[in-house]
Amino acid sequence: MIKTGFSIHEKNGVSFLKIPSFEKAGGVCCAFSTRIGGVSKKPYNTLNFSRKREQNQHNFIENLARFSAAAGFDEKQAVCINYAHSAKIHLAVKSDAGRGVISEPLHNVCDGLYTIAAGLPLISFHADCAPLFFYDPIRRAAAVCHAGWRGIAEHFARISIDTLCSAGCGKSDILAAVGPCISVKYFEIGEDVKKVFETEFGKSVVRERDGRYYADLNKACTDDMLSAGILPENITDARLCTYENKELFFSHRRDKGQTGAMAAVIALV
């Protein structure tokens, strides 16, 4: 049976989430930030990781330093996705350390990162799109993905799992998780997107209410994980809605773009 729920933690005023199954396995630092504990002002208050919207590199660096100190990773060694709402995943190596954080972005456009290198934190940023986490404690490999509806419809979860398996991971060993994202209750879609999701995942991922359509990103991702061969007991779905939980999370759709972003991080230790 798929597990549900992340655990919430607080350190030095910074609130963040962890995945219980990853914590139990050990050997990995994995966390998802909330909007609590940073220095950004309204409407990006306070732990914001959207440089594009806030246009403040100093706040980004300070927020990342606070988050890393609380969650337990070295932000100076971190590498960030170079996202484009794709389903592309990039192998991060030691020479990528700092890319997108304290040095230039990765050359390759990607919405996912994976690595077999210890001490290399992988980071993606989110404000409704689903964060996907993967960890193989046997092969010692980890991945994080920024999965918008386009990437999900392109089966980003399955692509990520296949990529990890090509790097030597066993499907029965991989732990997978879907972090906080916009829930089916609020993710209204048009007829065109409805057709895409029903074609790729079946009608169970789309709901109709008052003549409008809503997509279940969580179910689409977990269905993909299962179809890729991940054991149900190795999957965790946070089932936390970014739109609904205004005190904890930023939401692009709820705040009509005038909002910040959370950070998802994973690092082999």
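Numbers below:
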read-out: Euclidean distance of C-alpha centroids, the range 34-69 and the range 230-269, integer Å; value: 16 Å
read-out: Full-extension gain in nm, Lys18 to Tyr186, via 0.36 nm per residue minus C-alpha separation; value: 58.1 nm
read-out: Burial ranking of peptide ranges 119-132, 67-80, 136-149 (average Cβ count within 10 Å, highest at the top); value: 119-132, 136-149, 67-80
read-out: Separation in nanometres of the label points that stand 7 Å from Cα toward Cβ, at Lys76 and His107; value: 2.6 nm
read-out: About the Cα centre, charge dipole magnitude for the range 83-156 (Lys/Arg +1, Asp/Glu -1 at Cβ), debye; value: 200 debye
read-out: Scaled radius of gyration (Cα, divided by 2.2 N^0.38 Å) that the range 156-269 gives; value: 1.18
read-out: Radius, Kirkwood style, for the chain when every pair of distinct Cα atoms is counted (Å); value: 18.2 Å
read-out: Pairs beyond 30 Å (Cα-Cα), from Lys42/Lys185; Lys52/Lys203; Lys76/Lys256; Lys52/Lys76; value: Lys52/Lys203; Lys76/Lys256
read-out: Computed lengthening from Asn45 to Ser204, 0.36 nm per intervening residue step minus Cα-Cα distance; value: 53.6 nm
read-out: 5 angstrom amide H check on Thr4, placed H, neighbours 5+ away; value: Asp237
read-out: Lys94 versus Glu233: modelled label distance in nm, points set 7 Å from Cα along the beta carbon direction; value: 3.7 nm
read-out: Total formal charge among the other residues, if their Cβ is under 15 angstrom from that of Glu62, Lys/Arg +1 and Asp/Glu -1; value: +3
read-out: Contour minus Cα-Cα distance for Lys246 and Ile138 (0.36 nm per residue); value: 35.1 nm
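Read-outs throughout are calculated quantities, based only on the coordinates presented, and are distinct from any laboratory measurement. These numbers come from a predicted model, not from an experiment. Here the Cβ is made from the backbone with ideal geometry for all residues, glycine too, and neighbour counts use every protein chain on show.
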